[in-house]
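Colleague: Got a structure for you, questions after.
Only the coordinates and a few stated rules stand behind these numbers; no lab work does. As the structure is a prediction and not an experimental result, all values here were calculated from the model. A quick note on method: Cβ atoms are made from the backbone with ideal geometry, for glycine too, and the neighbour counts reach across all protein chains shown.
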Amino acid sequence: MTVTEPPVVPFASSAAAGGAPFVTVPVAYDGILLAGFGGPEGQEDVIPFLRNVTRGRGIPDERLEEVAHHYRHFGGVSPINGQNRVLKSALEAALAARGIDLPVYWGNRNWAPYLDEVVAEASSQGHNTLLAFATSAYSSFSSCRQYREDFARVLEETGLGDTVTIDKIRPFYDHPGFVEAFERGVREAVEAFLAQGIAAADIQILFSTHSIPTADAERSGARDIDWGEGGAYAAQHLAVAAWVMDSVRQSIPEAADVSWELVYQSRSGPASQPWLEPDVCDVIAELPARGRKAVAVVPVGFMSDHMEVLWDLDTEAAEAAEEAALAFTRTPTPGVSASFVDGIVDLIEERLQGRPNAERPHVTSLPGGFDVCRPGCCENIRAGFKPAAAGVAP
């Protein structure tokens, strides 16, 4: 009797199942899965949504209400679902413009439309070889592996694990289509401050991203790569910020005197648990002592203007800048800009065509950007490894 070995990568297309880091043969995907975080769309949704986000952690509703006020301030509505509806439409139009006849299915991890319902819908329509675009650009548990675990969970719980395969588009943090908005935003911010008579040396650029537990950061990215302090998560953000500043300085010579650093926001863990620092508002409060008169906050970790941008930056960071008597601006996220949407189609075409890694566009020199995540990457030390699609086990 012949014993068939299980695939190295569970729930993967035949091209990705062998575990090679890059898929360099064409794959006939028949659907695109736009995988989002999800968000409430009314006051009555807020606590149930936050229960979903924190499932398995035993957080009481009283503590969830401390976070809920961010959503309640905006009528209980997170902008993220609306933004993903617009992105889905824009992506469908961009695919059609290039002659790519693929349906786009949108499903969320934490709120309707849920991933399990959407994957089942895709399968019912005969679309079983899916390529997922997760709406997070960087490598970490919460921004990559958790999506992959949800794909595996959905396929197991729906009983579609023997029918549907889900591959995942590589981390796209340094794709030109993603970073263009940040470069343009910093350039316009510097030009505006200079036009107001603020000297370049008095301007501070703060590249802000979501803080994560330090233990998760240290385990982010492929384990056989030395990413330095903060793992791949910190290294990727720092590399993008450095590229943005180098580009701005090439177009604005005075910007050579503009200072910048990477900061973090939206911490949600207990005080006893170390998270990545420094906090954006803490740094803003220190800027007058450094001689700064203006600050531009760049939401480099975010794809669109969702709640962490609207509340933590447009509200709290802006208030911190006002208290510090600093001129303040917050630069745009990629959103549904033409360059970003076209960049997503580029990423889809990479996998449809099996484009070699050497021919794929990127703006940093960091290694990685794997089509198939490497063994043990982006571990959640608190929960251990769970089955995950689109990567070599564990």
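Colleague: Please list the three semi-axes, largest first and in whole Å, of the ellipsoid equivalent to the stretch 249-302, using sqrt of 5 times the eigenvalues of its alpha carbon gyration tensor.
Modeller: So the equivalent ellipsoid measures 27, 14, 8 Å along its semi-axes.
Colleague: Where does the stretch 117-238 land on Rg(C-alpha)/(2.2 N^0.38 Å)?
Modeller: Dividing the Cα Rg of the stretch 117-238 by 2.2 N^0.38 Å gives 1.44.
Colleague: While we're here: Angle between the Cα long axis of helix 115-124 and the longest principal axis of the chain, 0 to 90 degrees, nearest 10?
Modeller: Roughly 40 degrees, rounded to the nearest 10.
Colleague: Can you tell which of PRO171, PRO21, PRO270 shows the greatest fluctuation in a Gaussian network model of the chain with Cα springs below 10 Å?
Modeller: In the Gaussian network model the winner is PRO270.
Colleague: Over all pairs of distinct alpha carbons, what does the Kirkwood formula give as the hydrodynamic radius of the stretch 253-392, in Å? Mind dumping the intermediate values first?
Modeller: Working: mean 1/r = 0.0536 Å⁻¹.
That comes to 18.6 Å for the stretch 253-392.
Colleague: VAL77's amide H: which non-local residues (gap 5+, or another chain) put their own amide H closer than 5 Å, with H modeled 1.01 Å from N in plane and none for Pro or chain starts?
Modeller: none
Colleague: Can you tell which of GLN83, VAL164, ILE381 lies farthest toward the positive end of the dipole of the chain, using +1 and -1 charges on the Cβ of basic and acidic side chains (Lys, Arg; Asp, Glu)?
Modeller: Farthest towards the positive pole: VAL164.
Colleague: If you don't mind, there's one more thing I want to ask. In square nanometres and to one decimal, what's the mean projected area of the convex hull around the Cα atoms of the stretch 176-330?
Modeller: In nm², the orientation-averaged hull projection of the stretch 176-330 is 9.5.
Colleague: May I ask for the angle, rounded to the nearest 10°, between helix 338-353 and the longest principal axis of the chain, with both axes built from Cα atoms and the value confined to 0 to 90°?
Modeller: On a 0 to 90 degree scale, this one is about 30.
Colleague: Just CYS378, CYS281, CYS144 to compare: in a GNM of the chain, with alpha carbon springs under 10 Å, which one fluctuates most?
Modeller: CYS281
Colleague: Could you tell me what percent of the DSSP beta bridges with both partners in the chain are antiparallel, to the nearest 5?
Modeller: In the chain, DSSP labels about 5 percent of beta bridges as antiparallel.
Colleague: Given the C-alpha atoms of the stretch 269-349, compute the convex hull and give its volume per residue in Å³. Mind showing how you got there, number by number?
Modeller: Working: hull volume 10.9 nm³, N = 81.
Here the figure is 135 Å³ per residue.
Colleague: Over the stretch 176-330, what relative contact order in percent results from Cα pairs under 8 Å that are six or more residues apart?
Modeller: Answer for the stretch 176-330 is 32 percent.
Colleague: Check ALA134: other-chain or 5+ apart residues with amide H under 5 Å from its amide H, H built from backbone geometry?
Modeller: Correct list: ALA35, ILE169.
Colleague: How big is D for the stretch 36-152, in µm² s⁻¹ as a whole number, if Stokes-Einstein is applied with the Kirkwood radius of its Cα pairs at 20 °C and 1.002 mPa s?
Modeller: The diffusion coefficient I find is 137 µm²/s.
Colleague: What is the sum of charges around VAL309, taking Lys and Arg as +1, Asp and Glu as -1, for the other residues whose C-beta is under 13 Å from the C-beta of VAL309?
Modeller: Details: positive: ARG330; negative: ASP305, GLU308, ASP312, ASP314, GLU316.
Counting the neighbours of VAL309, the net charge comes to -4.
Colleague: Turning to a different aspect of this structure: Once the cut-off is 29 Å, how many percent of the Cα-Cα pairs in the chain end up in the long-distance tail?
Modeller: Values: 33479 of 77421 pairs.
Percentage above 29 Å: 43.
Colleague: I'd like the distance separating the alpha-carbon centroids of the stretch 316-394 and the stretch 289-312, in whole Å.
Modeller: Centre-to-centre distance over Cα atoms comes out at 18 Å.
Colleague: Follow-up. Based on DSSP H runs of at least 4 residues, each adding -39500 (n - 2.57), what is the mean residue ellipticity at 222 nm of the chain after dividing by all its residues, to the nearest 500 deg cm²/dmol? Walk me through the numbers on the way to the answer.
Modeller: Values: 11 runs with 137 residues, N = 394.
One gets -11000 deg cm²/dmol as the mean residue ellipticity at 222 nm.
Colleague: OK, next. Which residue, ILE203, ILE32, ILE100, has the most motion in a Gaussian network model of the chain that connects Cα atoms within less than 10 Å?
Modeller: Taking springs between Cα atoms under 10 Å, the residue moving most is ILE100.
Colleague: Nearest 10 degrees, 0 to 90: what angle lies between the long axis of helix 231-251 and the longest principal axis of the chain (Cα atoms)?
Modeller: Once rounded, one gets 50 degrees.
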